1. Go through (1) under 16 Å from residue 313 (Cα atoms); (2) crowded, with 19+ Cβ neighbours inside 10 Å; (3) at pLDDT below 95 for residue 138 and report which single condition fails.
2. So residue 400 ticks every box in (1) modelled with pLDDT under 95; (2) within 15 Å of residue 418 (Cα to Cα); (3) touching a helix residue (DSSP H, G or I) at 6+ places or on another chain (Cβ under 7 Å) but one. Which box is left unticked?
3. Identify all residues within the stretch 374-397 that are out of contact with any strand residue (DSSP E or B) (no Cβ under 6 Å at 6 or more places or on another chain) and surrounded by 13 or more Cβ atoms within 10 Å (Cβ to Cβ); write none if there are none.
4. Working carefully through the options 71, 86, 80, find the one that is over 16 Å from residue 302 (Cβ atoms) and in contact (Cβ under 8 Å) with a residue 24 or more places away in the chain.
5. Run down 341, 300, 306, 330 and say which single residue is buried (at least 19 other Cβ atoms within 10 Å of the Cβ), within 19 Å of residue 409 (Cβ to Cβ) and touching a helix residue (DSSP H, G or I) at 6+ places or on another chain (Cβ under 9 Å).
6. Give all pairs with beta carbons closer than 7 Å in which a residue from the stretch 105-123 that is within 23 Å of residue 303 (Cβ to Cβ) meets a residue that is part of a strand (DSSP E or B) and within 11 Å of ligand 2 (Cβ to nearest atom); count only pairs at least 6 apart in sequence or on separate chains.
7. Could you list, in sequence order, the residues of the stretch 46-82 that are surrounded by 20 or more Cβ atoms within 10 Å (Cβ to Cβ) and more than 16 Å from ligand 2 (Cβ to nearest atom)?
8. Counting only residues that are touching a strand residue (DSSP E or B) at 6+ places or on another chain (Cβ under 8 Å) and closer than 30 Å to residue 135 by Cα, give me the strands (runs of 3 or more DSSP E) lying completely in the stretch 293-368 with at least 3 of them.
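The values are calculated or read from the model by the stated rules, or taken from the named source; none is laboratory data. Since we're looking at a predicted model, the values are computed, not measured. Methodologically, a virtual Cβ is constructed for each residue, glycine included, from the backbone with ideal geometry; neighbour enumeration extends over all protein chains shown.
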Ligand code: ATP
Ligand code: MG
């Protein structure tokens, strides 16, 4: 036998046993996005590398070390498997002129790719749900996004996810803060890890985003952005906080919250849980007012967020959130020559009536088929032999409750099976 070819580390199969949880999640998200008037957009998984370099920023974890980039050998183009969705979404919006008629509320879902060290809650192919609002200046839309998240957690049966907020201010305010921060980091250069020393000048704010435990005390004592906040950002940030208080959404302001991508400004937020160990951020986002212009569109304010589906599913499992089982209404057993084709017609007839039906394949005795019917989880067994085929009827037997089996017409059978 040939040696098996294994899947790629950090890229997971969703097995049939896990599929109901994903379905439950996907349909909850679809309803939720509709409830807020967001339209779905689907972008390709591959983009030109340049798109991510220009939007996410050259000196970021993602662009420096996490992207799956390769040269298309057919035409020499540099391509990258998307590490996130915002850049692609904004690219599509610009390319198709979607902002021409006015602001847009959009959402998307799908796999993202980052070459990280795989561990619980951190994978190389993972899934995000992303929401973007383009053309809205805020802070009303920022409040909408946070309320949306809070509602989704409720609808998924999740609790214990806390909200952290910060404001990164305008580009101008950040540059004056940057000077103070660089001066502080220079004074403590000896205590910085290698990444931070490298970023101290190229991208000092990133140092605050370091996950290295040895750096935390230094980060704690660094000067705070809040002291340099420009008036407009400051007003927007208080406006958002007032809306959240009015809506009863609890939050805490975390002055160290920066976000690992360059395009953010103004309000940023993260939803964090303590129940998933080190990978506790389940959702993150904020404003990125400069990005549309940076990618070549007409300037437009924007904000959005993305959540990690695997982390949310893990949280649902951890919290014991039950998801509905897949329903099989009937398992059709068949034996005999005439019964073979008739059973196909019976199963199709039931499906026309909206029932979920497994039609037995592969032959075998009625006894063996009945075992399969039982194991399938079906509510009813529908038995079709040559007798039934000749008379144009079926025998219906409940597999879940004690009840006499009956020989009835197809339409009567449908009525019986439909009562759930
Ligand atoms: P982290 O700090 O955990 O690396 P991030 O800041 O890189 O997260 P974002 O780019 O903001 O993450 O992505 C939004 C969300 O996507 C994260 O909050 C997380 O829930 C999820 N996510 C990000 N990277 C991964 C990954 N490698 N595996 C699984 N989920 C991920
Ligand atoms: Mg990351």
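1. Against the list (1) under 16 Å from residue 313 (Cα atoms); (2) crowded, with 19+ Cβ neighbours inside 10 Å; (3) at pLDDT below 95, residue 138 comes up short only on (1).
2. So residue 400 meets the others, but not (3).
3. Correct list: 374, 377, 379, 385, 386, 387, 389.
4. Only one candidate qualifies: 80.
5. So the residue among 341, 300, 306, 330 that is buried (at least 19 other Cβ atoms within 10 Å of the Cβ), within 19 Å of residue 409 (Cβ to Cβ) and touching a helix residue (DSSP H, G or I) at 6+ places or on another chain (Cβ under 9 Å) is 330.
6. Between residues of the stretch 105-123 that are within 23 Å of residue 303 (Cβ to Cβ) and residues that are part of a strand (DSSP E or B) and within 11 Å of ligand 2 (Cβ to nearest atom), the close pairs are 112/126.
7. Matches in the stretch 46-82: none.
8. The strands (runs of 3 or more DSSP E) meeting that bar are 302-308.
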